[in-house]
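This report concerns only the one structure given below.
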Amino acid sequence: MQITGSQLIINSLIEEGVDKIFAYPGGYDKDIFDALYHEKDIELILPRHEQGLIHAAEGYARSTGKVGVCLVTSGPGATNLVTGIADANYDGIPLVCFTG
């Protein structure tokens, strides 16, 4: 059976116990969003902006002890994560961020 790269990412997240992902769609990550649409084991949280998204994921990680997982498109989507990534890094908060 052949598997897509997008489905491989989703399967890996499930194997690692991820149950929520903070994401903002864009052009280069639409295939992953398509795979997430059919996945019932992962709740998709869609904030209004990437900067809010990263801080929401960081707050989730702080309050639950689980890893905060983010998915954004490339370019400005990725650069809008920088402040939140730096903040989480300084405080030792676990984040995994995917970009398109």
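The values are calculated or read from the model by the stated rules, or taken from the named source; none is laboratory data. Since the structure is predicted, the reported quantities are computational estimates derived from the model, not experimental observations. Quick reminder, even Gly has a Cβ in these numbers, built from the backbone with ideal geometry, and neighbours come from all protein chains shown. Only protein heavy atoms, including side chains, enter the accessible area calculation; ligands, DNA and RNA are left aside. Shrake-Rupley method; radii C 1.70, N 1.55, O 1.52, S 1.80 Å.
Conditions tested, residue by residue: (1) closer than 17 Å to Ile93 by Cβ; (2) more than 11 Å from the chain's Cα centre (by Cα); (3) not acidic (Asp, Glu).
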{"site": "Ile14", "(1), (2), (3)": "no, yes, yes"}
{"site": "Val18", "(1), (2), (3)": "yes, no, yes"}
{"site": "Gly27", "(1), (2), (3)": "no, yes, yes"}
{"site": "His38", "(1), (2), (3)": "no, yes, yes"}
{"site": "Leu46", "(1), (2), (3)": "no, no, yes"}
{"site": "Ala57", "(1), (2), (3)": "yes, no, yes"}
{"site": "Tyr60", "(1), (2), (3)": "yes, yes, yes"}
{"site": "Val67", "(1), (2), (3)": "yes, no, yes"}
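Comparison of Phe98, Phe22 shows that the only residue that is open to solvent by 30 Å² or more (accessible area, probe 1.4 Å), of a type in the set (A, V, I, L, M, F, W, C), in contact with a strand residue (DSSP E or B) (Cβ under 6 Å, 6 or more places away or on another chain) and touching a residue at least 24 places away in the same chain (Cβ under 8 Å) is Phe98. For segment 27-45, does any single residue satisfy the condition of being free of Cβ contacts under 8 Å to residues at least 40 places away in the same chain and more than 22 Å from Gln7 (Cα to Cα)? No, the conditions are met nowhere in segment 27-45. Per this entry, Thr73 is not counted among residues that are farther than 18 Å from Asn11 by Cβ, surrounded by fewer than 17 Cβ atoms within 10 Å (Cβ to Cβ) and of a type in the set (Val, Ile, Thr). Scanning segment 30-51 for residues being under 21 Å from Thr83 (Cα atoms) and open to solvent by less than 40 Å² (accessible area, probe 1.4 Å) gives a total of 2.
Scoring His55 on the criteria (1) modelled with pLDDT of 95 or more; (2) open to solvent by 80 Å² or more (accessible area, probe 1.4 Å); (3) closer than 18 Å to Gly5 by Cα leaves a single failure, condition (3).
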